[in-house]
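J.: Sending over a structure as structure tokens; questions will come in a sec.
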Amino acid sequence: MSTPADTPLLDVQNLRVSFATEEGVVGAVQNVSFSIQRGRTLALVGESGSGKSVTAYSLLRLIQPPGKIVAGRILLRSQRLGEIDVAHLDEKSGLLFKVRGGLMSMIFQEPMTALSPVHTIGSQVDEAILMHQDVSRAAAKRLTLEMLHKVGIADAAMRYQQYAHELSGGLRQRVVIAMALVCRPELLIADEPTTALDVTMQAQILALIKTLQREIGCSVLLITHDFGVVAQMADDVAVMQRGEIVERGTVRAVLKNPQHAYTRALLDALPARRHAARQAAAAQLTAASGATASGASAASGAAAAAEHG
Amino acid sequence: MSMTRTRAEAALPDPGPGPGAAPLLSVRGLSKQFPLYSPGIRRKVTGLLNAVDNVSFDLAPGESLGLVGESGSGKTTTARCILRAIDPAAGEVWFRLPDGRTVDLARLSSRELKPVRQHAQMVFQDPFSSLNPRMSVRDIVGEPLVIHRLARGAELDDRVSDVLARVGLKPEHRSRYPHAFSGGQRQRIGIARALIMRPSLIVCDEATSALDVSVQAQVLDLLKELQREFRLTYLFVAHNLDVVRGFCDRVAVMRKGRIVEIASATEIFSKPQHPYTKILLSAVPSPDPDVPMNFNVGEELAKLDAR
């Protein structure tokens, strides 16, 4: 049961996920390996179709047919339950249910689809507690209210009785975060948690994830396409393209000094970088034309002086 | 009716501030309210939400004005009121037609509005829901010409092919349906549909928000090229400040239905004046790990509200 501090919490080895389609088998994830240390945040970044979400979903064994994990190991070294190879757990095994939502939980991109429209907010968070902890309904409700308060929902008692459609996008995402973290998971998977939100709400949700991660001490796998979010949230980053990890390293190393051509292309496409590049080009141009202009005026000045002389 | 027309077509008394050419679009005191209902089945109107509250700005020909703000700030409602997708409650929207007349879009009847609409087009956010899945690309892109009876038969086909080529699609794409295209290609179809009318004003409502960064960059480049070639004027509604910074000449920041600050893009981004603009800019996560973002946005917004 005991795990040395330096072995990673999660070790994904040679993971392969395929989808059988009418046009043949599509390898959505091809031989992907990565690991996450305890308490650290790994960002998995790439464009749509790169396989980053499929990777995340396979960690929780949420891949539905025609999709299938065809090879690889997903080793979770839990402090509570020891080493588990999630990739080879039986679909119906009790251990898989303990892993899902208990040891590993997930925040989804679209909080409206992640929440049930016909159950109250409170009952959904209660359910997460009752599935994984041996407590009474009353105790579960107390825990839920405490958690709703912790994720920054003012007036938790009133919100407890409301339905998802009565909440704003930011509040819904807070509820999803409460559901994900109420059982104090060892790994939190956040799949584009702020993509549906605008920038001020994004900043608040990212701050909340950071604070709660520190408090619970969990590791985070952050799935995103936004290098801004990567730079501000993650310790390490892995760049995915067409089902493969093409580059990985610490955030600073990869963002400051990208080695792979695809990473460089992605970074160069960022609006902020494009703007900076255009400005630099414009500055160079004005500097060059300024030099010519001053050169010309100096020359004409000299000519005028010669005329007068 | 004739009364309305004379009023609507009266010359604009004051073209508004700003040097150079007369504005293409001049919005004055634009307002729109939505009713708020009580919960339950017997819904009673309990109040009014000021979605757009006394908004005024000018748009010069060939200019790109960014309209930014968080969701619920009224930027999309403003755009929709200008194009009369919804009717504004108050205000004037003076629009200069190619023949030099100015008309108040806010006051035109729907019959008077139709011929004016060809000059002001819209590109939508979601390239999936804004294209009819049962229509071929030829029908989608050609439909505006058919509606306005501007072309038919071989001429229609030629114009569709021309505009498709101009936005980077192939003539053989005409017979395909939207599902066969990627998000970026669909957005090009949406742009072609707007462009085929040769409008002077295009309203882009979050036109690149749903796209991956590399595709987004290509679509932004295309919009810039088209602007130069056809002297287009853009009203660019967006929540991504980085995109607006690179694309727009001027930026209007909206909050709770009002424009809190309007200035050149350079000024907004280098010397923001309004405290809300400052918070908004500080919340953008920088891709440079050495430029920390502001994680304290929630408290700062609450403080701003308390003032």
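The values are calculated or read from the model by the stated rules, or taken from the named source; none is laboratory data. Please read all numbers here as calculations on a predicted model, not as lab measurements. Quick reminder, even Gly has a Cβ in these numbers, built from the backbone with ideal geometry, and neighbours come from all protein chains shown.
J.: Can you tell me how many residues in the stretch B:113-130 are in a loop (DSSP other than H, G, I, E, B), of a type outside the set (Phe, Trp, Tyr) and closer than 15 Å to B:Leu201 by Cα?
T.: Initial filter on the stretch B:113-130 (in a loop (DSSP other than H, G, I, E, B)): B:118-119, B:124-130.
From what's left, of a type outside the set (Phe, Trp, Tyr): B:118-119, B:125-127, B:129-130.
After this cut, where a residue has to be closer than 15 Å to B:Leu201 by Cα as well, the list is B:118-119.
Matching residues across the stretch B:113-130 total 2.
J.: Have a look at B:Leu83, B:Leu105, B:Leu65 and point out the one that is crowded, with 17+ Cβ neighbours inside 10 Å and free of Cβ contacts under 8 Å to residues at least 24 places away in the same chain.
T.: Details: B:Leu83 fails: free of Cβ contacts under 8 Å to residues at least 24 places away in the same chain; B:Leu65 fails: free of Cβ contacts under 8 Å to residues at least 24 places away in the same chain.
None of the other options fit; the residue is B:Leu105.
J.: Something else about it: Can you find a residue that is in a strand (DSSP E or B), hydroxyl-bearing (Ser, Thr, Tyr) and modelled with pLDDT of 90 or more anywhere in the stretch B:40-48?
T.: Kept after step one, since they are in a strand (DSSP E or B), are these residues of the stretch B:40-48: B:45-48.
The next check asks that each one be hydroxyl-bearing (Ser, Thr, Tyr); those that pass are B:46.
Restricting the remaining residues to those that are modelled with pLDDT of 90 or more gives none.
Taking every residue of the stretch B:40-48 in turn, none turns out to be in a strand (DSSP E or B), hydroxyl-bearing (Ser, Thr, Tyr) and modelled with pLDDT of 90 or more.
J.: So A:Gln213 clears everything in (1) in a helix (DSSP H, G or I); (2) within 12 Å of another protein chain (Cβ to nearest Cβ) except one condition, right? Which one?
T.: Every listed condition holds for A:Gln213 apart from (2).
J.: Name the single residue, out of those in the stretch A:228-243 being within 8 Å of chain B (Cβ to nearest Cβ) and among the β-branched types (Val, Ile, Thr), that is surrounded by the most Cβ atoms within 10 Å (Cβ to Cβ).
T.: A:Val230
J.: Further question: Before we move on, is A:His225 within 13 Å of another protein chain (Cβ to nearest Cβ), farther than 27 Å from A:His119 by Cβ and in contact (Cβ under 8 Å) with a residue 40 or more places away in the chain? Spell out how you get there, then give the answer.
T.: On the way: within 13 Å of another protein chain (Cβ to nearest Cβ): yes; farther than 27 Å from A:His119 by Cβ: yes; in contact (Cβ under 8 Å) with a residue 40 or more places away in the chain: yes.
So A:His225 passes the test.
J.: Another question, if that's okay. Residue check: is B:Met197 buried (at least 19 other Cβ atoms within 10 Å of the Cβ) and closer than 20 Å to B:Tyr276 by Cβ? First the steps, then the outcome.
T.: On the way: buried (at least 19 other Cβ atoms within 10 Å of the Cβ): yes; closer than 20 Å to B:Tyr276 by Cβ: no.
It is false that B:Met197 is buried (at least 19 other Cβ atoms within 10 Å of the Cβ) and closer than 20 Å to B:Tyr276 by Cβ.
J.: Among the residues in the stretch A:133-143, are any surrounded by 14 or more Cβ atoms within 10 Å (Cβ to Cβ), within 22 Å of the chain's Cα centre (by Cα) and at pLDDT 90 or above?
T.: No; the residues of the stretch A:133-143 include none that is surrounded by 14 or more Cβ atoms within 10 Å (Cβ to Cβ), within 22 Å of the chain's Cα centre (by Cα) and at pLDDT 90 or above.
J.: Also: So which strands (runs of 3 or more DSSP E) are wholly in the stretch A:24-92 and hold at least 1 residues that are closer than 24 Å to B:Ser182 by Cβ? Reasoning before the result, please.
T.: Details: elements: A:24-36, A:41-45, A:67-78, A:82-85.
Hits in the stretch A:24-92: A:24-36, A:41-45, A:67-78.
J.: Determine whether A:Glu127 is acidic (Asp, Glu), part of a helix (DSSP H, G or I) and exposed (fewer than 15 other Cβ atoms within 10 Å of the Cβ).
T.: On the way: acidic (Asp, Glu): yes; part of a helix (DSSP H, G or I): yes; exposed (fewer than 15 other Cβ atoms within 10 Å of the Cβ): no.
Here the answer is no, as A:Glu127 does not meet what is asked.
J.: Something else: Exactly one of (1) in contact with a Phe, Trp or Tyr (Cβ under 9 Å, 6 or more places away or on another chain); (2) farther than 24 Å from B:Arg198 by Cα; (3) β-branched (Val, Ile, Thr) is unmet by B:Val116. Its number?
T.: (2)
The rows are residues; the columns are (1) under 24 Å from A:Leu145 (Cβ atoms); (2) away from chain B (no Cβ under 12 Å); (3) at pLDDT 90 or above.
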residue: A:Gly170; (1), (2), (3): yes, no, no
residue: A:Arg174; (1), (2), (3): yes, no, yes
residue: A:Ala180; (1), (2), (3): yes, yes, yes
residue: A:Val199; (1), (2), (3): no, no, no
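J.: How many of the residues in the stretch B:151-180 are assigned to a loop (DSSP other than H, G, I, E, B) and without any contact (Cβ under 8 Å) to a residue 40 or more places away in the chain?
T.: Initially, the stretch B:151-180 is screened for residues assigned to a loop (DSSP other than H, G, I, E, B), giving B:151-152, B:167-170, B:176-177.
Pick out the ones that are also without any contact (Cβ under 8 Å) to a residue 40 or more places away in the chain and you get B:151-152, B:169-170.
Here the count works out to 4.
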